[in-house]
1. Quick one: Cα centre-to-centre distance for region 156-201 and region 73-109, in angstrom?
2. What is the set of long-range amide H partners of Ala122 at a cut-off below 5 Å, with H atoms built 1.01 Å from backbone N?
3. Which ordering of Phe180, Phe97 is given by a fewest-first count of other beta-carbon atoms within 10 Å?
4. Please turn the phi angles of region 97-105 into ³J(HN,Hα) values with the Karplus equation 6.51 cos²θ - 1.76 cosθ + 1.60 (θ = phi - 60°), one per residue in order, whole Hz, x for glycine and proline.
5. For the chain, modelled as a Gaussian network with Cα springs under 10 Å, which listed residue fluctuates most, Ala176, Ala42, Ala90?
6. Let me see the pair-distance distribution of the chain: every alpha carbon pair, 10 Å bin width, integer percents in order.
7. Long-range amide H contacts for His174: which residues qualify at under 5 Å (H placed 1.01 Å from N, peptide plane, sequence gap of 5 or more or a different chain)?
8. Name the residue, out of Asn85, Asn75, Asn29, whose mean-square fluctuation peaks in a Gaussian network model built on the chain with Cα pairs under 10 Å.
Amino acid sequence: MLKALGWVEPRLFREAPWKTAHYEPFRPNQIWGEDWTILTIAGVRYYLLTIIDYFSRFIVAWGIVKTVTQREVQNLLALAYMSENLDQDASKPMIRFDQGSPNMAHSTRRLIEELEMLFSPARAHRPTDNARQERWYRTVKQEEIYCYPTHPTEQIARHSLGKYIFQYNERRPHQALLNFTPGYVHRMGNRSVLYAQYKKQVQIVKEQRIVINRSQMSQLYGVSN
């Protein structure tokens, strides 16, 4: 009825990602996602800023700040750029983030241009345009940030989050990465090699399971191998 009266504004939706891939990287440092979320330190609001690599889901750079302005965003971009030694690479990543004022500031866009990176803002009210960054925040909130009503000091918060991010990058297998860690995938940088290693591991586990099952059958029924 509302459509017939012309009271419903038409909205265009992006095609389902499983039909046509959008922003699907095939190597590390090709697409980055940047965003921030809230945490509490000594009862005061702070922000956790992170940059994630879309290919490996590796946290490239992070920081804890009292406020988010263009300065904090630019410092994080510079930190990520230097930590990955991108000045040695011919191609630079595309940076994906929302249309917040610190991201859209002229000085931020100028820095991205000077670093030879590509500027790719997400659409308004479309968190799925930066889905891997949003999914990371769900994980860190559930497993770390929400576990503490507040951190006593900024130093303790940095230590706790730094330890968690290291655990996430280097020791926590990721289902979307064939159960490899983000750090391993980031350094390997080749999806075909990763898939071959995954298939080899699956075959080893199958063979081990066959041996165990035969041993158990032999113990139960006295049947020799």
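Each reported figure results from applying straightforward, stated rules to the coordinates on display, with no laboratory input. These numbers come from a predicted model, not from an experiment. Glycine gets a Cβ as well: all are built from the backbone with ideal geometry, and neighbour counts include every protein chain shown.
1. Each part reduced to its Cα centre gives a spacing of 23 Å.
2. Sorted by chain and number, the residues that satisfy this are Phe97, Asp98, Gln99.
3. Phe180, Phe97
4. Values, residue by residue: 7, 7, 9, x, 4, x, 6, 8, 4 Hz.
5. Ala90
6. With a bin width of 10 Å, the distribution comes to 7, 26, 29, 18, 11, 6, 3, 1.
7. Asn179, Phe180, Thr181
8. Asn85
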